[in-house]
Structures are given as structure tokens and as C-alpha cells.
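Following this message is one structure expressed as C-alpha cells.
The values are calculated or read from the model by the stated rules, or taken from the named source; none is laboratory data. Please read these numbers as outputs of a predicted model, since none were measured by experiment. Because the Cβ atoms are built from the backbone with ideal geometry, glycine has one as well, and the counts that use them run over all protein chains shown. Areas reflect the complete protein model, heavy atoms only, side chains present, ligands, DNA and RNA absent. Shrake-Rupley method; radii C 1.70, N 1.55, O 1.52, S 1.80 Å.
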Amino acid sequence: MDDSYFEGALFIGDSRMVGLSEYCEALDTRATFYAKKSLTIYDIRDKEWIQTEDGRKITLWEALEGQQFTKIYIMVGINEIGIGDPESFGAAYKEVVDGIMASQPNAIVYINSIMHVNKEKNDNDELYNNTNIEARNEAIKKLADEKKIFYININEAVDDEEGNLNSEWTSDGVHLK
């Protein structure tokens, strides 16, 4: 695909999505980003978190009014680990995806897996480890219908041979350089 593929696309996500916006200019100039550090699926669902040009904060649902996106990419989940369980996380994610589909019926939704952490973080953190991440990935993977909602396992592209985020690509074990 060339860069024009992302015209009309929307990216929703946490700090990892912020990084994509900041470091991929070709994408940032063609797509819309609703991304915020520490964003959770619960914030997406319930809070006013999107900054408008006039400085107000609005909900995702208000931001989507009057707009039509062709593709919507969602990537959140790391900040929710330790809040609830995979089932409640999956239910909240489903509410968001259902709301997006109702608001954007012509869009294709891509649910991005929660990116793994590197080996050091995985081995030393009781909460932020790949076992907990995979439990939540399993919950959101079930939302894909392979017609209008697709699951993208981004870990296939960023993991090392042991199934951890490649340590050469991160400085903190969580975010890509």
C-alpha cells in the first residue's frame, strides 16, 4: 500500500499510538489521530478526552459526529492491566467497538493487539507482563467478525523469537523507540 491508503483513516489509542503519530509523518498528515497518553478503553467509552481546536474537551462520540472515516484503528489496553479482569475489559472494548460501528457504519474497524513488553519487564513485573497482556488480547480478539471488524496481531511484527517485545526496539520495555 502507498501512503494514500491511510487517507480517511482514524487512529484511536494511548501513548503507543501517540508515538506512531509523532514519528510517522507520512501517516500523521493523511490520517486523523485521537490519541492520548495513559488513555484507557474506559476513557474512550465515558470521558471527554479529545481536545478541540478551541481548547474544549469532548467525547469520542461527539468527535465522530458529522465525520465519516473509512478505516478505524484502535490500540489500547496496557493501561488497563490491573483494572478489573479480561472479561470486564473485553465487555468495555465491545461497547466502544459497537458505538464506533453505530456512528461509522461504513468504516472498517481494526482492533490492534496490545503490544507485548520486553523480556526484562515481563520477567520482573507482576502486573505488566505478557501473560496478562495475552489474556486481554484473547478477550478483544473475540470481537472480530472478519467482515467489518478485524483483529491485527501486531506482536507478530515487534516480538523477538521468545515472544517478547524486541528489546532493541524499546528503551523502557513498553514503548517503541
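Do we find that E22 is out of contact with any Lys or Arg (no Cβ under 9 Å at 6 or more places or on another chain), farther than 20 Å from G90 by Cα, assigned to a helix (DSSP H, G or I) and free of Cβ contacts under 8 Å to residues at least 12 places away in the same chain in this structure?
So E22 fits the description; yes.
Among the numbered criteria (1) touching a strand residue (DSSP E or B) at 6+ places or on another chain (Cβ under 6 Å); (2) more than 23 Å from A9 (Cβ to Cβ), which single criterion is violated by E120?
With (1) touching a strand residue (DSSP E or B) at 6+ places or on another chain (Cβ under 6 Å); (2) more than 23 Å from A9 (Cβ to Cβ) applied to E120, the lone miss is (1).
Being more than 21 Å from V158 (Cβ to Cβ), open to solvent by 80 Å² or more (accessible area, probe 1.4 Å), of a type in the set (K, R) and modelled with pLDDT of 95 or more: is that true of K94 here?
Taking the combined requirement at face value, the residue satisfies it.
Answer with yes or no whether D123 is surrounded by 15 or more Cβ atoms within 10 Å (Cβ to Cβ), out of contact with any helix residue (DSSP H, G or I) (no Cβ under 6 Å at 6 or more places or on another chain) and modelled with pLDDT of 95 or more.
On the way: surrounded by 15 or more Cβ atoms within 10 Å (Cβ to Cβ): no; out of contact with any helix residue (DSSP H, G or I) (no Cβ under 6 Å at 6 or more places or on another chain): yes; modelled with pLDDT of 95 or more: yes.
Taking the combined requirement at face value, the residue does not satisfy it.
State the number of residues belonging to region 21-56 that are touching a Leu at 6+ places or on another chain (Cβ under 9 Å), exposed (fewer than 13 other Cβ atoms within 10 Å of the Cβ) and small (G, A, S).
Matching residues across region 21-56 total 0.
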